[in-house]
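First the structure, in the form of structure tokens, and then the observations on it.
The values are calculated or read from the model by the stated rules, or taken from the named source; none is laboratory data. Bear in mind that the values here come from a model prediction, so they are computed numbers and not experimental data. Reconstructed Cβ throughout: ideal geometry from the backbone, glycine too, with neighbour counts over all protein chains shown.
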Amino acid sequence: MNLREATEAALVRRYRSVHAPAVRQRVTPVTTEAGQQGRIKDLMMQFKGDRKAAAAAIGVPRDTLTRWINGKRGISKASQGKLEQAYQKHIVTPKQQRADLRARKQEAKTNPPRSDAKVKVTATIRWSKSPKKKYNRRPYRTTTLDHIDLSKVAAAWAGGRDPGKELEKVVTTQYGTKDGVAFEGDSVEIEFLE
């Protein structure tokens, strides 16, 4: 996980566990013919009318989907399960994810984290961006940084900017490093300890 992904994951964990509304339960399956037709209609809209793509998402042949749409054949119990799984995957879950992300970002704007938080970072830490300076001798060193203003990091994330770069700027300002700090590597982990 790179720095941006690690910072975003830490922000998501923080706002999901502290402020964000609970994740809604999945929609209950429908067994009525009208409800099933509604599910098929939603899937067809999601795939812009492409019956082949919608049928592939459900896991049935295109001709079967066409028969369902035209009302020439009913949907079997096994196919009802496939239809529900496709609906949950392609319709409900993306909508919920977008709604939850909007809620977390709004919460980050209105209820920012403390301005003197602790941040636990596991990464290859370079305390100077100068090419003459070397990395730490031990890669993926875990360091706890005190008095970090996470409100700027959360505001960057809420505004659609890279929160990882903002975290580097905040740490550079707080610790007064001359050339800036860099958290690098493929296994970066961030945890906010408030």
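Residues checked against (1) out of contact with any helix residue (DSSP H, G or I) (no Cβ under 9 Å at 6 or more places or on another chain); (2) modelled with pLDDT of 85 or more; (3) surrounded by fewer than 14 Cβ atoms within 10 Å (Cβ to Cβ):
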{"site": "VAL60", "(1), (2), (3)": "no, yes, no"}
{"site": "ILE75", "(1), (2), (3)": "no, yes, no"}
{"site": "ALA78", "(1), (2), (3)": "yes, yes, yes"}
{"site": "GLN88", "(1), (2), (3)": "yes, no, no"}
{"site": "GLN96", "(1), (2), (3)": "yes, no, no"}
{"site": "ALA108", "(1), (2), (3)": "no, no, no"}
{"site": "PRO112", "(1), (2), (3)": "no, no, no"}
{"site": "VAL121", "(1), (2), (3)": "no, no, no"}
Exception for ARG141 within (1) under 21 Å from GLU191 (Cα atoms); (2) at pLDDT 70 or above; (3) of a type outside the set (A, V, I, L, M) falls at (2)
